[in-house]
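Take a look at the structure below.
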Amino acid sequence: MEVLIAALPEAAERHGAELGDVRIGWIPLDVVAPTCDLAVHHGGATTAMTLINAGVPQVVVPDNGYGKAVAEAVSGFGAAILADPHRPPAGQAPGEAVVAGCREILGDPRYAERTRALARETAALPTPDEVLREIEALVAR
């Protein structure tokens, strides 16, 4: 297993030596995502959509209500697991819930299948340019 942690350079400097083989630092997510089997993240919409576009199932650990809404939407589709650090399952610490979520996703191909289905659905949506042109055409009538 190869672990990558996207972090600010300051965090990489501060924690890099203690993480052993873990790679930490700035990572172009759109470039690295297609090589991933799983991603764990905070629930940002851009992060979630970049991973969906790459077909990567997710464990989302939201740090606020917005992140939780993103996590609920993606997990509701079956493309992620929500590991709420404020409400871990009974008898589990927040970190244990993340590990359990990772094991679940890696052990069940349905998460990857649902993520790829979601990627196909989003790829079929019109682009912002196409939507704008349609609105302009409607207004011009």
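The values are calculated or read from the model by the stated rules, or taken from the named source; none is laboratory data. The structure presented is a predicted model; accordingly, all values stated were derived computationally and were not measured. Don't worry about glycine lacking a Cβ; one is built from the backbone with ideal geometry, like all the others, and counts go over all protein chains shown. When the accessible area is computed, the model is the full protein with side chains, heavy atoms only, and any ligands, DNA or RNA have been set aside. Shrake-Rupley method; radii C 1.70, N 1.55, O 1.52, S 1.80 Å.
Sequentially through the stretch 61-78, phi angles give Karplus couplings (6.51, -1.76, 1.60; θ = phi - 60°) of 10, x, 9, 7, x, 5, x, 5, 5, 4, 4, 5, 5, 6, 5, x, 7, x Hz, Gly and Pro residues having no value and appearing as x. Summarising the label geometry, the points placed 7 Å from Cα in the beta-carbon direction at Ala124 and Gln92 lie 3.3 nm from one another. Got a sec? Charge dipole of the stretch 72-141, +1 on Cβ for Lys and Arg, -1 for Asp and Glu; which of Pro85, Pro109, Thr122 is way out at the positive end? Positive-end residue among those listed: Pro109.
So for the chain, what are the equivalent ellipsoid semi-axes in whole Å, largest first, each being the square root of 5 times an eigenvalue of the Cα gyration tensor?
31, 19, 15
Dividing the helix sum by the residues of the chain, where each DSSP H run of 4 or more adds -39500 (n - 2.57), gives a mean residue ellipticity at 222 nm of -16500 deg cm²/dmol.
Over the stretch 11-87, the reciprocal of the mean inverse Cα-Cα separation, the Kirkwood hydrodynamic radius, stands at 13.1 Å. Counting heavy atoms of the protein chains alone, Arg114 has an accessible area of about 100 Å² for a 1.4 Å probe. On the chain, 58 percent of the accessible area sits on carbon and sulfur atoms, based on a 1.4 Å probe.
Is the shape of the stretch 52-110 rounded, prolate or oblate, going by the alpha carbon gyration tensor and its root eigenvalues a ≥ b ≥ c, with a/c under 1.5 for rounded and a/b larger than b/c for prolate? It comes out oblate by the Cα gyration axes. Taken one residue at a time, the phi angles of the stretch 107-117 give Karplus couplings (6.51, -1.76, 1.60, θ = phi - 60°) of x, 10, x, 4, 5, 5, 4, 5, 5, 5, 4 Hz. Gly and Pro are set to x.
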